[in-house]
Amino acid sequence: MRPFLRLAVLALLAACSPAAAQLSNRSISVESGISLPVGDASRASVPVAILATAWLEGPVDAVARLAFGTAAEPSGRGTARRVEGTAGLRWSFGTDPLRPQLQLELGWAHAAGWEAAAPASGVAAAAGAGLEWFARRDAALAARASLRRAAGEGWRPELTLGASFYF
């Protein structure tokens, strides 16, 4: 690992605020992974997303997600791109350091350069499950699998890994 990246990760982990009696109720996460469209024209893309969560009640969190995805187009036609903004609910089960989660999202997406000849915008939806592991009191790592639908793309499975910081 590069020294600068190692120092940046250590600085972020050290900056997490200590919680007194329980975990903090807000978080910000960065995640990335792979997204595979289902169907004939399957071009894998690499999504990068920023998530913000806030605890609502019991095991339920509100989630806001802003994601960007890119994939190389064949025949030198440039880069396919997608931007997606969603909001939804996440259910976390248990209070152990390893927590299973379910998530539902609804929002808006814009895709350009994918299967459609013209850019497409429309409703985005997602349903998924994951595991979140609290490595420290206010820092967690997560792995998630979801099924996403965005304008101009149809349904696609998405696998992501993320790091969350609670404050």
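Results for (1) in a loop (DSSP other than H, G, I, E, B); (2) touching a Phe, Trp or Tyr at 6+ places or on another chain (Cβ under 8 Å); (3) modelled with pLDDT under 90, shown as yes or no for each residue.
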position: ALA126; (1), (2), (3): no, no, no
position: ALA129; (1), (2), (3): no, no, no
position: ALA135; (1), (2), (3): no, no, yes
position: ALA142; (1), (2), (3): no, yes, no
position: PHE165; (1), (2), (3): no, no, yes
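Within segment 120-136, the set of residues being in contact with a Leu (Cβ under 9 Å, 6 or more places away or on another chain) and either of a type in the set (Phe, Trp, Tyr) or crowded, with 16+ Cβ neighbours inside 10 Å (or both) comprises ALA124, ALA125, ALA126, GLY128, GLY130, GLU132, TRP133, PHE134. In segment 44-54, which residues are modelled with pLDDT of 90 or more and buried (at least 18 other Cβ atoms within 10 Å of the Cβ)? Within segment 44-54, ALA49, LEU51, THR53 qualify. The residue that is surrounded by the most Cβ atoms within 10 Å (Cβ to Cβ), counting only those in segment 76-105 that are among the basic types (Lys, Arg) and at pLDDT 90 or above, is ARG90.
The values are calculated or read from the model by the stated rules, or taken from the named source; none is laboratory data. Please read all numbers here as calculations on a predicted model, not as lab measurements. Note that we place each Cβ from the backbone using ideal geometry, even for glycine, and neighbour counts take in every protein chain shown.
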